[in-house]
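Here's the structure, in structure tokens; my notes come after.
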Amino acid sequence: MAKNKFKYSRKIISNSIVYRISMTVDLVFFLFEIILMMLYFIGNYQTFQDSSQLLILKILFFSSIFTSIFSFLLLIESLIKIFSENKKIKHILNSFFLFFCIITGIFIMEFSNIIMYLSEGLKS
């Protein structure tokens, strides 16, 4: 009887709690970038002040840097998990999402950097 009592306590967990929290943080920052992009475009339409638009662009720039680096590190961990664990489909899907986050983060980072550069104007 005592042998079956703790039957489920030895269950192997494929994802550590740190990996799950990291994926959640990455998703939150990705959604934060999307919301900031929408806020920037709405601000252009509704004529926000220039200082507000520049603040949005700076936050967007640093957020996209963080998301790209964080996604890259998680992508490396996901690729390691693909080759070392049995549940490969879940890690392959995570890898596609992380690759998409990296590409989107780089695009948004370049977009915000170009707009900030153009908004400075010509200096003579």
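The values are calculated or read from the model by the stated rules, or taken from the named source; none is laboratory data. In this text the structure is predicted, and so the values were computed from the model without any measurement. Neighbour counts are summed over all protein chains in view; Cβ atoms, including those assigned to glycine, are modelled from backbone coordinates with ideal geometry. Just so you know, the surface numbers come from the protein's heavy atoms only, side chains and all, with ligands and any DNA or RNA stripped out. Shrake-Rupley method; radii C 1.70, N 1.55, O 1.52, S 1.80 Å.
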- Message: Quick check for you: with a 1.4 Å probe and neighbouring chains kept, what is the accessible area per residue of the chain, in Å²?
- Response: 75
- Simple spin-label estimate for residue 32 and residue 62 in nanometres, 7 Å along Cα-Cβ: 1.0
- Relative packing of peptides 86-94, 103-111 - highest average C-beta neighbours within 10 Å first: 103-111, 86-94
- Query: By how many nm would the segment from residue 72 to residue 51 lengthen if fully extended, with 0.36 nm per residue of separation less the alpha-carbon distance?
  - Reply: 4.4 nm
- Within segment 58-81, whose backbone N sits under 20 Å from a point 7 Å along Cα→Cβ of residue 110? 58-73
- Note on the structure: For segment 106-121, Karplus-derived ³J(HN,Hα) couplings (6.51, -1.76, 1.60; θ = phi - 60°; whole Hz; x for glycine and proline) come out as 5, 4, 5, 4, 5, 4, 5, 5, 5, 5, 5, 5, 5, 6, 5, x
- Enumerate the aspartates and glutamates that residue 87 could reach by cross-link, defined here as Cα to Cα under 19 Å, with residues fewer than 8 away along the same chain left out. 77
- Label selected from (1) 63, 42, 25; (2) 83, 27, 19; (3) 71, 35, 31, the criterion being Cα extents along the principal axes in Å as computed here: (2)
- Using only Cα atoms, find the angle between the long axis of helix 17-45 and the longest principal axis of the chain, and express it within 0 to 90 degrees, rounded to the nearest 10. 20
